[in-house]
Structure formats: C-alpha cells, structure tokens
C-alpha cells in the first residue's frame, strides 16, 4: 500500500515536473532619461545577475523576457517583476505587458517605486514570477538586485511611518539637582575663623582692662533684681534657641512676652542701681 | 433534593455556556433561508455558544437594527446576497450607526456574487478598499489545492496566521499543527493606513487579485498582489465595536470544515483548519475573546513610617509611590487574568500635560481572574495636578484607558533639611553664636565693671 502510494506520488511528481513555466531571452537594461545608450545585461532562470543594477533618479529599468510553457512561447496569466525591500520585507509587483507571442516587457523608474524603497539602505531584490492556470508549475526566481542611486541635490523624500499601536519608549523624569553645599573643609575653616573671633574679643577686652569688680557691690545692693535682670536676658536667648530647634511661633510668643515683662520690671531696679553707682562717681 | 438538582443543572449549564460579553442576539442576513443548510455546522457552533440567531433576507420588512433608539441585535453576520442593494433597512448609514452603538458586524464576501454597493460604501468608510469593479477573485499559482482547484487555482491553502508584528497577541495560530486554512473563491481587500485596521489573514506573496470577467487572459490593471491583499481584515472602533471582513464566505461552509486538501509540494493529505478558524474569527468579532477589563486600580505612598492608605488624593513632590492595576481578559465564557504578550508592555504614564514618567508595569502577582501589574516610582519635582494614566490600546484587544487624578503639592516649610544639617550653613550659625555670646559678655561687663584708673604719668618737673 505504502509502495503504491509512493509510486503514485512519484509519478504525479514526475508528471508535474514535466510541465512548467520558464522564461528565456531575458535581459535588463537601464536607460537614462535623455535616451542615451542603455546598458543591457542578459540573465536567465539559472543564472541571475551577480552585480547589482544601478538605477538613478531619472533612469528607467527595462526588463524584457519571453515566457515559455514547456519550452514553447506562450502568454501566462501572471507575469510580474516583484521588487522586495530587504529591511522591512515590503514587496511591490510590477506586471509585465505580455503579447500573445509570450514576449513581455516592463519599464520601472524611481517614481514608480513606493517611497519606502527610496529610503532603503540595502539593495532591492527583484524576482520574476510567472504562472498561469492549469497544471504547469509556476516559477518564482530572484534575478537581479537594484541599487538606487539617489541624486545628492534632490531633497530626501519624506516618509512618515503610520501610527501603529504598541509600547512606547520609557520616560524617566530627570530631577533637578539637589542644592549643594561647598566642601566641608571650607565650611569648617570659616566656622573656626568666626568662632575664633569670640575669644579674640574677650582677650582684647581683658587687655583693655575689662573686669567685673562691681559685681559683689551690685549684688549686695539689689541681689534679686540683678539676678532676675541678667537671667531674663539669658532666658530670652534661650527662647530664641528653642525657636530655632523645636518650638513654633505660637509657643515662642507667649514665653517671649513673659520674659520681656520680667526684663522690664527687674530692669528698672537693676539699672537704677547702676545709675546710683554712676551718680556716686564710681563709673 | 430539589436544590441539589438545580445546583447540578446550573453547574452543567455553566460548563456548556459560552457567552459573549456584549450580548447574544445575532442577526444573519442571507439571500435565501435555504442557504442555512450549507452553513449548518457554522451556525450550530454559534448556537452552542449561546447565540440567539435570527435569519432574515435583506428585503424583509421586519428587519430593523434599531427600535426606539436601542439596538435590537448585538451582532450582525452578512452572507453574500445576490441583490444589488441591501434594502432600506440596511443602508451604510444605518450600519455605521450600528457600529457606533457598539454593535459588531461580520461580513462574508464571495467572488461568485457581486458585492452590494452599500457594503462597498460601508467598507470604504472604514478605509477597507475592495476592487472597484466589485467582481474579483484571488488566485495563487503556488499555494493552491490540487484536489479541488488543480486548474483554476482559486482555492488558496494558507497556514494558520501568526501575528503580523511582534507584541500582538496570537489568537489564531494556536494548536493549528500542520492544518491549513482553505480560502476558496474569495475576495481580497486593501487596507488603509489607519491604526484601527488590522489584517488577520494576508495573502501569500505570490497571490494576486483579478477580475475573471474582464481579465481572464491577462492582468493589465493590477488591483493588488501579495501581502498587500488582506483576506480576513478587521477594524476595531474606538468604542470597541468590531467589524470583520472575511473574503471568502465559502470557507465558512460545511464542505470546507474538516475537508482534506493537498497543497502543491506539500504533505499528501492535510485537514483544513477552517472550523476552528471560523470559531475564532467569529469569537473575536462577537466579543468572546480579546476583551479586556480593569478590575481595580490602587496607588499609595510608599515611604517609611508614612501612612499608606489607598488612593489618596494628594501627594508631595519626590514621594515614592506604588501603583498596581489588575487586568482580566475574557476567554470564551469566563474571565481569566490577562497576560501581556511577549515583547509588549503595559505602561503607566504619570503626566500633567505630557508624560513625566512612562514606566513599564511588571507582573507582580496572579489571582483567579486577574493579573496584577505593579511599579514603584518617584513623583517628579514639579507640583500640579497629575494623572496616573494607563492607556493600553493594542491590535485585536479591546481598549483600556484608566485615568486617576491626584494633586502633587510642594514641600511644606518644615519638610526641608534643617540648617544644622547643611554644612554650608555652619559659618553662619557660628556667627549667630558669636554674636549672642559677645552680647551677653558685653551686658555683664557694662553692668558690673569698674573703671580702670588712668596710669598717672609723672611729669618730670623741670627745675
């Protein structure tokens, strides 16, 4: 059973192989617009061209062939020169004008090509497809390559790829740079320079004769007032420190108010005592 | 006992059921109610999927797509009719209104009958171009069926189609094996360049379309050839209504379901894939597959020690935010989790007027009828009203557009780093300290100091 099946298939294949389309007397020529001499190159089904055919912006490629079925020239239903662009796989068919005798011819220039072809960087591949109804096997063979020669002066043809739904490139927001401080060394240097002014000030005062000789006298005359007055001045600085570190304004203002009142009330007495020393020519 | 019986019946019914997401009222428009017999398997498959089918001829008076402003049918299936027009109830405008009302249309054409002008107008409105002479046939002298079209080559044999681009979900080529799709005596169309049009089945590169009446000898004016010919074309409108054009009505007939075909140079005898392909094409058109749904969207603040209640209305610049969206897909009769196709991504856009972030969402976890897609990102350093936008529109899938609006506020005055933490501020803080200590020292000195006696300079008396 298998043997007869295989034999039948072989016979069918052999019968098929017997009748098929082919083409002969095929040539491709490139003619410039001015009608100068065309460069004609012959090719055949078994021998495609190895060198690419150059097509300039005003040139026309002309393909001539004779279609044959089983060696006899005949007119096929389908006779196309299909040009394929390698990067995207896009194909464009160019039907050959075929006479009853089987002679076929087609002319292709750059303006006939789809705009996507003109933007391609690789050569275009041309194939000949010949087929028709009936049992004869159709043929589809690559025959030559086309290299487009673009005119450097002409503008590049515009092609906008159509919108297609798909994922878009990722965007990550670039943040503004955080505010930066200068190097810590510089900050430390200037901090120390500023901090060094404090002992410099006290030392220069000492050299000029600073003293707290009247402290015992003042405390003897009005101890509470002086302690309270000086304490309230220090306390005010303390309120400012608390405002810097943790308190908000609504916590600071009442305390500052209280401390201020204490300063005024104790200050009258304390500064009155200082006045008394001044009037006694001790200052 | 009765409750048990009814439960069992319900379970049995739900096993067999396959319900479309957009209703089950199907209208079939055909020439002659006797045509039903040639498509009996196709209609039996549709009836098994719980469609309530009404058969009408185009000229019948009772045919009405709308009643009092509402659609009377959810889906329409057109088989080839021999009349030139489709009657006053199926004008192109009515059919477009039907699509705008989210009705789905499946059109089957044939090379044996001239396509009615109203259908050609409808298709040209959707940017699907049929040959102008309305009489055309697709042939391929390389991929035809030897057993039935050895001479005429008008029965094309094609492998089950893979998606035309990477990233598109594959609905039609699963489990095809070596089976081929037979496309007998069909019409090819050329699709426009819009993003809503997608071919499902394209002709092989060697195929072409010609007019058998006028171009029997030679093809002088070629309509289209190769992969530009779309044999099964689809349009999905922005409201998710679907229109499918099947170039060959004969491929839906009984004799091509499970037929045996032989391709030139192919395996000796191959079964046709037509029955399964017809099921999938009608399933896609009638919203049984390829329908997506958003179950929920959740976003919250992802910072240590901060409250993370779901979907707050306000964030702050440079907060870390986590976003999760749960997607489901309908597969014939139940919802399953949606798996993004290979090389495709669901993307989240965090945008004000234009996207500040466009991030790929990664699959985080799966549930019974949901897949969660998730990402964590940092809010840009721009305040304003922002949207979390997932805009997932893909060929052959229904549209997903989820927008959640949030406000993004500035840093509050107490959210900046303190000055003692800023090294550049140290000299200034030292200055304040120096001023305070100098002031206190001065007060103490002024109040409690005694004057220094001036050094008595003894003046040498001159004698």
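Taking the residues in region A:216-229 that are touching a residue at least 40 places away in the same chain (Cβ under 8 Å) and at the interface with another protein chain (Cβ under 10 Å from one of its Cβ atoms) as candidates, determine which candidate is nearest to residue A:264 (Cα to Cα). Let's see the steps before the verdict.
Within region A:216-229, the first condition is being touching a residue at least 40 places away in the same chain (Cβ under 8 Å), and the residues that meet it are A:217-218, A:221-222, A:224-226, A:228-229.
Imposing the further condition that a residue be at the interface with another protein chain (Cβ under 10 Å from one of its Cβ atoms) reduces the set to A:217-218, A:226, A:229.
Working: A:217: 22, A:218: 18, A:226: 12, A:229: 8 Å.
Per the criteria, the residue is A:229.
Determine which single condition residue B:107 fails, assuming it passes every other condition in (1) touching a helix residue (DSSP H, G or I) at 6+ places or on another chain (Cβ under 8 Å); (2) under 15 Å from residue B:247 (Cβ atoms); (3) part of a helix (DSSP H, G or I).
Here residue B:107 meets the rest and fails (3).
Give the residues of region B:332-351 that are away from every other protein chain (no Cβ under 11 Å) and either outside any strand (DSSP E or B) or over 17 Å from residue B:293 (Cα atoms) (or both), sorted by residue number. Quick ask: steps written out before the conclusion?
Keep residues of region B:332-351 that are away from every other protein chain (no Cβ under 11 Å), which gives B:332-339, B:342.
Those that are away from every other protein chain (no Cβ under 11 Å) and either outside any strand (DSSP E or B) or over 17 Å from residue B:293 (Cα atoms) (or both): B:332, B:333, B:338, B:339, B:342.
Condition first: facing chain B (nearest Cβ under 7 Å) and assigned to a loop (DSSP other than H, G, I, E, B). Can you find one or more residues in region A:185-193 that meet it?
Checking region A:185-193: not a single residue is facing chain B (nearest Cβ under 7 Å) and assigned to a loop (DSSP other than H, G, I, E, B).
Among the residues of region A:61-91 satisfying the criterion of being more than 12 Å from chain B (Cβ to nearest Cβ) and closer than 22 Å to residue B:229 by Cα, which is surrounded by the most Cβ atoms within 10 Å (Cβ to Cβ)?
Applying the filter and picking the extreme gives A:85.
The rows are residues; the columns are (1) under 24 Å from the mean Cα position of the chain (by Cα); (2) assigned to a strand (DSSP E or B); (3) free of Cβ contacts under 8 Å to residues at least 60 places away in the same chain; (4) within 14 Å of chain A (Cβ to nearest Cβ).
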position: B:306; (1), (2), (3), (4): no, no, yes, no
position: B:360; (1), (2), (3), (4): yes, yes, yes, yes
position: B:365; (1), (2), (3), (4): yes, yes, yes, no
position: B:377; (1), (2), (3), (4): no, yes, yes, yes
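Within region B:134-153, work out how many residues are more than 9 Å from chain A (Cβ to nearest Cβ), in a loop (DSSP other than H, G, I, E, B) and within 34 Å of the chain's Cα centre (by Cα). Show your work before the answer.
So the first thing to find is which residues in region B:134-153 are more than 9 Å from chain A (Cβ to nearest Cβ), and the list is B:134-138, B:143-145, B:147-149.
Narrowing further to those that are in a loop (DSSP other than H, G, I, E, B): B:134-136, B:143, B:147-149.
When the remaining residues are screened for being within 34 Å of the chain's Cα centre (by Cα), the result is B:134-136, B:143.
So the count comes out to 4.
From A:181, A:204, grab the single residue that is more than 7 Å from chain B (Cβ to nearest Cβ) and at negative phi. Even if it seems obvious, please write down each step before you answer.
Working: A:181 fails: more than 7 Å from chain B (Cβ to nearest Cβ).
Selected residue: A:204, the only one of A:181, A:204 that is more than 7 Å from chain B (Cβ to nearest Cβ) and at negative phi.
Could you list, in sequence order, all residues of region A:197-215 that are touching a helix residue (DSSP H, G or I) at 6+ places or on another chain (Cβ under 9 Å) and without any contact (Cβ under 8 Å) to a residue 12 or more places away in the chain? Outline the logic, then answer.
Initially, region A:197-215 is screened for residues touching a helix residue (DSSP H, G or I) at 6+ places or on another chain (Cβ under 9 Å), giving A:197-198, A:201-202, A:205, A:210-215.
A:197, A:198, A:201, A:202, A:205, A:210, A:211, A:212, A:213, A:215 - these are the residues of region A:197-215 that are touching a helix residue (DSSP H, G or I) at 6+ places or on another chain (Cβ under 9 Å) and without any contact (Cβ under 8 Å) to a residue 12 or more places away in the chain.
Kindly indicate whether any position in region A:235-242 is at the interface with chain B (Cβ under 7 Å from one of its Cβ atoms) and either free of Cβ contacts under 8 Å to residues at least 60 places away in the same chain or assigned to a helix (DSSP H, G or I) (or both). Outline the logic, then answer.
From region A:235-242, those at the interface with chain B (Cβ under 7 Å from one of its Cβ atoms) are A:237; that's our starting set.
Now drop any that are not either free of Cβ contacts under 8 Å to residues at least 60 places away in the same chain or assigned to a helix (DSSP H, G or I) (or both), which leaves A:237.
Yes, region A:235-242 has at least one match.
Could you list all residues from region A:92-109 that are within 12 Å of another protein chain (Cβ to nearest Cβ) and part of a loop (DSSP other than H, G, I, E, B)? Lay out the reasoning, then the answer.
Step one: list which residues in region A:92-109 are within 12 Å of another protein chain (Cβ to nearest Cβ), which gives A:92-100, A:102, A:104, A:106.
Scanning region A:92-109 gives A:96, A:99, A:100, A:102.
From the list B:244, B:272, which one is closer than 21 Å to residue B:146 by Cβ, touching a residue at least 24 places away in the same chain (Cβ under 8 Å), touching a strand residue (DSSP E or B) at 6+ places or on another chain (Cβ under 6 Å) and buried (at least 17 other Cβ atoms within 10 Å of the Cβ)?
Working: B:244 fails: closer than 21 Å to residue B:146 by Cβ.
After ruling out the rest, the residue left standing is B:272.
(1) more than 14 Å from chain A (Cβ to nearest Cβ); (2) farther than 18 Å from residue B:232 by Cα; (3) touching a residue at least 60 places away in the same chain (Cβ under 8 Å): which one isn't true of residue B:129, the others all being true?
Failing condition for residue B:129: (2).
Taking residue B:167 as the residue in question, decide whether it is under 21 Å from residue B:331 (Cα atoms), under 19 Å from the mean Cα position of the chain (by Cα) and within 14 Å of chain A (Cβ to nearest Cβ).
Yes.
Within region B:399-411, can one find any residue that is under 20 Å from residue A:244 (Cβ atoms) and touching a strand residue (DSSP E or B) at 6+ places or on another chain (Cβ under 8 Å)? Walk me through how you get there before you give the answer.
Narrowing region B:399-411 to residues under 20 Å from residue A:244 (Cβ atoms): B:411.
With touching a strand residue (DSSP E or B) at 6+ places or on another chain (Cβ under 8 Å) added as a condition, the list becomes B:411.
Yes: one or more hits.
When region B:414-443 is examined, which residues are found to be crowded, with 16+ Cβ neighbours inside 10 Å and part of a loop (DSSP other than H, G, I, E, B)?
B:422
For the structure I just gave you, tell me whether residue A:211 is more than 9 Å from chain B (Cβ to nearest Cβ), more than 30 Å from residue B:355 (Cα to Cα) and assigned to a loop (DSSP other than H, G, I, E, B). If you could, list the steps in order and put the result at the bottom.
Details: more than 9 Å from chain B (Cβ to nearest Cβ): no; more than 30 Å from residue B:355 (Cα to Cα): yes; assigned to a loop (DSSP other than H, G, I, E, B): yes.
No, not satisfied.
Within region A:73-104, count every residue that is over 48 Å from the mean Cα position of the chain (by Cα) and in contact (Cβ under 8 Å) with a residue 12 or more places away in the chain. So that I can check it myself, show each step before the final result.
If we filter region A:73-104 for residues that are over 48 Å from the mean Cα position of the chain (by Cα), which is where we start, we get A:73-77, A:97-104.
Subset that is in contact (Cβ under 8 Å) with a residue 12 or more places away in the chain: A:73-77, A:98-104.
Residues in region A:73-104 being over 48 Å from the mean Cα position of the chain (by Cα) and in contact (Cβ under 8 Å) with a residue 12 or more places away in the chain: 12 in total.
Would you be able to tell me the number of residues in region B:24-77 that are part of a strand (DSSP E or B), within 27 Å of the chain's Cα centre (by Cα) and either modelled with pLDDT under 90 or crowded, with 16+ Cβ neighbours inside 10 Å (or both)?
Residues in region B:24-77 being part of a strand (DSSP E or B), within 27 Å of the chain's Cα centre (by Cα) and either modelled with pLDDT under 90 or crowded, with 16+ Cβ neighbours inside 10 Å (or both): 8 in total.
Restricting attention to region A:129-169, report how many residues are at the interface with chain B (Cβ under 8 Å from one of its Cβ atoms) and exposed (fewer than 12 other Cβ atoms within 10 Å of the Cβ). So that I can check it myself, show each step before the final result.
At the first step, the residues of region A:129-169 found to be at the interface with chain B (Cβ under 8 Å from one of its Cβ atoms) are A:129, A:131-135, A:137-138, A:140, A:162-169.
Right, trim to exposed (fewer than 12 other Cβ atoms within 10 Å of the Cβ) and you get A:162-163, A:169.
Within region A:129-169, residues that are at the interface with chain B (Cβ under 8 Å from one of its Cβ atoms) and exposed (fewer than 12 other Cβ atoms within 10 Å of the Cβ) number 3.
Condition first: surrounded by fewer than 20 Cβ atoms within 10 Å (Cβ to Cβ), part of a strand (DSSP E or B), at pLDDT below 95 and touching a strand residue (DSSP E or B) at 6+ places or on another chain (Cβ under 7 Å). Can you find one or more residues in region B:212-229 that meet it? Outline the logic, then answer.
Restricting attention to region B:212-229, the residues satisfying the condition of being surrounded by fewer than 20 Cβ atoms within 10 Å (Cβ to Cβ) are B:212-218, B:220-222, B:227.
So of that shortlist, the ones also part of a strand (DSSP E or B) come out as none.
No: region B:212-229 contains no residue that is surrounded by fewer than 20 Cβ atoms within 10 Å (Cβ to Cβ), part of a strand (DSSP E or B), at pLDDT below 95 and touching a strand residue (DSSP E or B) at 6+ places or on another chain (Cβ under 7 Å).
Residue check, residue B:398 against (1) surrounded by fewer than 20 Cβ atoms within 10 Å (Cβ to Cβ); (2) in a loop (DSSP other than H, G, I, E, B); (3) more than 10 Å from chain A (Cβ to nearest Cβ), all met but one. Which one?
Exception for residue B:398: condition (1).
Can you name the condition, by its number, that residue A:31 falls short on among (1) at pLDDT below 85; (2) under 29 Å from residue B:144 (Cβ atoms); (3) buried (at least 18 other Cβ atoms within 10 Å of the Cβ)?
Every condition holds for residue A:31 apart from (2).
Looking at A:161, A:154, which one is closer than 30 Å to residue A:112 by Cβ and either in contact with a strand residue (DSSP E or B) (Cβ under 9 Å, 6 or more places away or on another chain) or touching a residue at least 40 places away in the same chain (Cβ under 8 Å) (or both)? Explain how you work it out, then say what you get.
Details: A:161 fails: either in contact with a strand residue (DSSP E or B) (Cβ under 9 Å, 6 or more places away or on another chain) or touching a residue at least 40 places away in the same chain (Cβ under 8 Å) (or both).
Just one listed residue meets the conditions, A:154.
The values are calculated or read from the model by the stated rules, or taken from the named source; none is laboratory data. Here the structure is a predicted model, which is why all the values come from computation and not from measurement. When we count neighbours, we look across all protein chains shown, and the Cβ atoms used for this are built from the backbone with ideal geometry, even at glycine.
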